[in-house]
Amino acid sequence: MSNATLYYTTTSCGASNFIAAHRAGILGSKLEAYQADIGSHKVLTGPKAGSDFYAINPKGNVPTIVLADGTVLNENAATLQWIADNAVTPVGAANGTSERYLLQSKLSWISSELHGTVGGLFNPTISAEVREFVVAKSYQKLQFLNDVELADGRKFFVGSGFTVADSYLYIVLSWSPYIKLDLSKFPKVEAYFKSISELDFVKEAHAAMTKASPSA
């Protein structure tokens, strides 16, 4: 059976899937990973380099995982759980457990509440008034993350170890400097982000993505 294929970019939420797959120990065995450019909609690396990314995923977004049977997954809540289910090194609780349903809940919160809010700040055409509104909403989400989700100073978002939820939350928080959100307003969020960023396997994954880039 052929491997599944992940398409990602190095700074988007697709990168969270690469980090999770690296930690899970499945890159190059159960999962191949190639980069795409979502601006030009071209595949950048791998056997389909130069081809139209829309032909692989009509939505044109990353992450995209194409399973061995041709099924296309293109939302983080699905792609990250596929990685968790195929992991060698665990990155999520077993299916059917309360812990797994909690993980699903946290992934959905990141996607709909945090990512779905702060993502609007990447739009260069929004007015100052709209930006002010989106920043305020983003800070509400980060305040909740700081005061409720991370209130006990936990190192990991779900449970006692690194999961796919950490890879996703970490990448979304990493956008803060680019979209001009000040994480220092939320000390527990800032401490959490710093802790995840300093994990050896997270650093290794970033280095691997950089090495795999066409411009490297």
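The values are calculated or read from the model by the stated rules, or taken from the named source; none is laboratory data. Just so it is clear, the structure is predicted and the values come from calculations on it, not from any experiment. So basically every Cβ, Gly included, is an ideal-geometry build from the backbone, and we count neighbours across all protein chains shown. For the accessible areas, the whole protein counts, side chains as well, though only heavy atoms, and no ligand, DNA or RNA atoms are used. Shrake-Rupley method; radii C 1.70, N 1.55, O 1.52, S 1.80 Å.
Taking only the Cα atoms of the chain, the radius of gyration and Dmax are 17.0, 53 Å. For a paramagnetic label modelled on SER108 (point 7 Å from Cα along Cα→Cβ), amide N atoms under 18 Å away belong, within segment 69-87, to 74-82.
What translational diffusion coefficient, in µm²/s and rounded to a whole number, does the Stokes-Einstein relation yield for segment 104-216 at 37 °C and a viscosity of 0.692 mPa s, taking the hydrodynamic radius as the Kirkwood radius over Cα pairs? Diffusion coefficient, whole number: 219 µm²/s.
Can you tell me how segment 151-194 classifies by the Cα gyration tensor, rounded, prolate or oblate, using a/c under 1.5 as the rounded cut? Oblate, because a/c is 1.5 or more while a/b does not exceed b/c. Across segment 175-216 the C-alpha pair distances fall into 5 Å bins from zero in the proportions 5, 19, 18, 19, 20, 12, 5, 1 percent.
In this structure the amide hydrogen of LYS42, modeled in the peptide plane, comes within under 5 Å of the amide hydrogens of ASP37, PHE53, none closer than 5 places in sequence on its chain. Taken about its Cα centre, segment 46-176 carries a charge dipole of about 120 debye when Lys and Arg each add +1 at the Cβ and Asp and Glu each add -1 at the Cβ.
Summing charges over all other residues whose Cβ lies under 14 Å from the Cβ of ASP52, with Lys and Arg as +1 and Asp and Glu as -1, gives +2. Taking a straight Cα-Cα cut-off under 17 Å and skipping sequence neighbours fewer than 8 places away in the same chain, the lysines within cross-link reach of LYS42 are LYS59.
Cross-linked pairs LYS48/LYS211; LYS137/LYS185; LYS30/LYS194; LYS106/LYS211: Cα-Cα separations exceed 20 Å for LYS30/LYS194; LYS106/LYS211.
Global size of segment 11-86: 11.6, 32 Å for Rg and Dmax (C-alpha atoms, Rg to one decimal, Dmax whole). Taking the accessible area of the chain, probe 1.4 Å, and keeping the other protein chains in place, the carbon and sulfur fraction comes to 54%. Adding -39500 (n - 2.57) for every DSSP H run of four residues or longer, then dividing by how many residues the chain holds, sets the calculated 222 nm ellipticity at -12500 deg cm²/dmol. Only aspartates and glutamates eight or more places from LYS141 in sequence, or on another chain, were considered; those with a Cα closer than 16 Å are GLU113, GLU132, GLU149, ASP182, GLU190. The value of relative contact order for segment 2-43, using C-alpha pairs under 8 Å at least six residues apart, is 48 percent.
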